[in-house]
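Quick note: the coordinates plus some simple rules give every number you see, no bench work behind them. In this text the structure is predicted, and so the values were computed from the model without any measurement. Cβ sites come from the backbone with ideal geometry, for glycine too, and all protein chains shown count toward neighbours.
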Amino acid sequence: MKISKKTPSASEKSTWDTLKQLQPFLRPYRLRVLVAATALLVAAAATLTIPAVFRLLIDRGFSTADNLQGIGSADINRVFLTLFGVAIVLALATATRFYCVSWLGDRITADLRKRVFSKVLRQDPVFFETLRTGEVQSRLSSDTTLIQSLIGSSISLGLRNALLFAGALIMMIWSSPTLASIIVALLIVVVLPILIIGRRVRKLSRDSQDKLADTGALANETLNAMQTVQSYVREDMESQRYDLAADHAFESALKRNRNRSYLTALAITLVFGSIVFVLWLGAQAVSDQRMSAGLLTQFMLYAALVAGSTGVLAEVFGDVQRAAGATERLVELMQDSATITSGQQKLKTSSEAGASLQLMDVSFNYPSRPDTPALQNISFDLQPGTTVALVGPSGAGKTTVLQLLSRFYDPQSGCILLNNSAIDTLTLSALRNTVGLVSQESIVFSDNVTNNIRYGKLDASFEQVQAAAKDAQALEFIDRLPEGFDTYLGEKGVRLSGGQRQRLSIARALLKNPPLLLLDEATSALDAQSEAKVQKALDRAMSGRTTLVIAHRLATIINADKIIVMDQGRVVDSGSHQELLDNGGLYAKLAAMQFGLSN
Ligand SMILES: Nc1ncnc2c1ncn2[C@@H]1O[C@H](COP(=O)(O)OP(=O)(O)O)[C@@H](O)[C@H]1O
Ligand SMILES: [Mg+2]
């Protein structure tokens, strides 16, 4: 999987190939694209007729007084009516194009955001180990905005000006082939440096978006750790860190803009320079009577259109390069990390008492640490309805076991069976609906109590939510909240104590009612009183299902059917509380420390 912060692909793929990846998003709206394109053509054609009308006016209209071959006042009226008619067509076509194209820009940005987000939600944990969440947020907001301005304005601006450029050029040649061919020759020389600087702008643009994302990610991380920051009085340090990131982003944007300014200045100077030079030749032709004033006016207006559109094109070219950088960053998010792929099979139904689970010779190392095994040859099994406890010092690999059971990672070797099916042959949803995980940190969403519990089973009735809360011993504190079940809990549940948060996540898992329940140190961070309450909740939760519980405090698992002792990624012992005490191994040592026994 490639989630590169640096940009190898920037040079690998051409701008065009990069942008072509947006094509699937445009496809559903073909009709609108067509309408916009038609309106664009009409508007460009209308614009291009204006100089010709002016020529008519000057050569035939204004010259009538001292020129007998001039046209009558009826003709003048006709010419002016035509001019007004052209203006109306231009207005309608431009408005239509603007509406369609802006609609497309907004629509496609929304589609892109939805698609990227839904894809990100399905990425493996490895994905989130490499990419900071703030980075994802930045790509979702600012990179999609760049694409919005590309589709919603730059492309049509570019097309319109390309058409004007081409049309005006042809008309210019038609007006005066000699003068026009000189301009064209000059323009060819002009375009080359523009292309070269344009490529640089794209690279710099990608870099500047990356820097901007860094700023966002940093703010995100710091805000998530506000209390730690304040209690260590690190506000100054954090704001300096942010200042630095913001300045980096600024400098990078500055570099990009400087190059874009070069681009614009160069383009305008070269193009206008060429035109002024040619006009000078034209003026001489008029004074030598080799050309009429009207024709020179027409030529001049077309030349101005060519020059104006070149300027716009150069600017659009910069926008396109920026959007290509943004597209690259978004496409990266939509790529599959796909190390964890869903199997095909449905799960065999669990027995009345709960699911069965078997680990056979499982070895695993985290992808980021290929040389350090996190688990080595782990084997144990859980019979339906039993409670098995995992104990061992911190870092032994207990949480890792639970992560493998939910298939956040796949082991490098060995096999895990759930109800006698290998878990990687099951559909991910079948597996994860069967396994209920109460993780070490309790997750609370910024919503009210009811919805937080209901997350476990979206169609649960309020009575079921209440019952789950009661079983999790949470009813007692929920009733004391200002608005009971309707109380808003604040971001990440900041308005609850640790023990309350834990009981809330247990209630959520109970509502889900999974045949296999995984509990990760659910009571480790609690004082004795809340521990007793959570313990009661857990005892209630364990009955009628298979449970694998990681326990820090041995008192909570004395009654487990089996206790598995882990150390440094291995199973070092297993048995009942009494058997393990009698063995006198690691468990006995841990027990001696916790219960103050000496044996
Ligand atoms: N995402 C990760 N990437 C790399 N190493 C990890 C990751 N998570 C945990 N580890 C390492 O794996 C080992 C086991 O961790 P863990 O299963 O969390 O232990 P515990 O028994 O305390 O729950 C530790 O050495 C830890 O540093
Ligand atoms: Mg752990």
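Note on the stretch 519-540: residues that are touching a residue at least 12 places away in the same chain (Cβ under 8 Å) and out of contact with any strand residue (DSSP E or B) (no Cβ under 6 Å at 6 or more places or on another chain) total 14. With the requirement that a residue be closer than 15 Å to LYS470 by Cα and either touching a Pro at 6+ places or on another chain (Cβ under 6 Å) or within 16 Å of ligand 2 (Cβ to nearest atom) (or both), what does the stretch 506-563 give you? Matches in the stretch 506-563: none.
With respect to (1) under 46 Å from the mean Cα position of the chain (by Cα); (2) surrounded by 19 or more Cβ atoms within 10 Å (Cβ to Cβ); (3) away from ligand 1 (no atom under 16 Å from the Cβ), the lone exception for GLN529 is condition (2). Checking each residue in the stretch 391-401 for being crowded, with 19+ Cβ neighbours inside 10 Å and either free of Cβ contacts under 8 Å to residues at least 40 places away in the same chain or near ligand 1 (Cβ under 8 Å from one of its atoms) (or both) picks out GLY392, ALA396, GLY397, LYS398, THR400, VAL401.
When the stretch 424-465 is limited to residues that are buried (at least 16 other Cβ atoms within 10 Å of the Cβ) and within 16 Å of ligand 1 (Cβ to nearest atom), the one that is nearest to GLY414 (Cα to Cα) turns out to be LEU437. Restricting attention to the stretch 338-367, the residues that are assigned to a loop (DSSP other than H, G, I, E, B) and within 16 Å of ligand 2 (Cβ to nearest atom) total 1. Take the conditions (1) within 23 Å of LEU519 (Cβ to Cβ); (2) away from ligand 2 (no atom under 16 Å from the Cβ); GLN403 misses just one of them, which is (2).
If I filter the stretch 499-518 for residues that are crowded, with 20+ Cβ neighbours inside 10 Å, touching a residue at least 60 places away in the same chain (Cβ under 8 Å) and within 16 Å of ligand 1 (Cβ to nearest atom), do I get at least one hit? For the stretch 499-518, residues crowded, with 20+ Cβ neighbours inside 10 Å, touching a residue at least 60 places away in the same chain (Cβ under 8 Å) and within 16 Å of ligand 1 (Cβ to nearest atom): present. For the structure I just gave you, tell me whether ILE550 is within 16 Å of ligand 1 (Cβ to nearest atom) and either touching a Phe, Trp or Tyr at 6+ places or on another chain (Cβ under 6 Å) or closer than 21 Å to THR434 by Cβ (or both). Spelling it out, ILE550 is indeed within 16 Å of ligand 1 (Cβ to nearest atom) and either touching a Phe, Trp or Tyr at 6+ places or on another chain (Cβ under 6 Å) or closer than 21 Å to THR434 by Cβ (or both). The helices (runs of 4 or more DSSP H) located wholly in the stretch 420-473 that include 3 or more residues which are farther than 25 Å from ALA355 by Cβ and polar (S, T, N, Q) occupy 449-454.
For ARG199, state whether it is in a helix (DSSP H, G or I), under 26 Å from the mean Cα position of the chain (by Cα), of a type in the set (Lys, Arg) and surrounded by fewer than 18 Cβ atoms within 10 Å (Cβ to Cβ).
Answer is yes for this residue.
Out of all the residues in the stretch 197-204, is one or more closer than 18 Å to LEU19 by Cα, of a type in the set (Gly, Ala, Ser) and in contact (Cβ under 8 Å) with a residue 40 or more places away in the chain? For the stretch 197-204, residues closer than 18 Å to LEU19 by Cα, of a type in the set (Gly, Ala, Ser) and in contact (Cβ under 8 Å) with a residue 40 or more places away in the chain: present. Comparison of GLY308, GLY318, GLY325 shows that the only residue that is surrounded by fewer than 22 Cβ atoms within 10 Å (Cβ to Cβ) and in a helix (DSSP H, G or I) is GLY308. Among the criteria (1) touching a Gly at 6+ places or on another chain (Cβ under 8 Å); (2) of a type outside the set (D, E, K, R); (3) part of a helix (DSSP H, G or I), the one LEU333 does not fulfil is (1).
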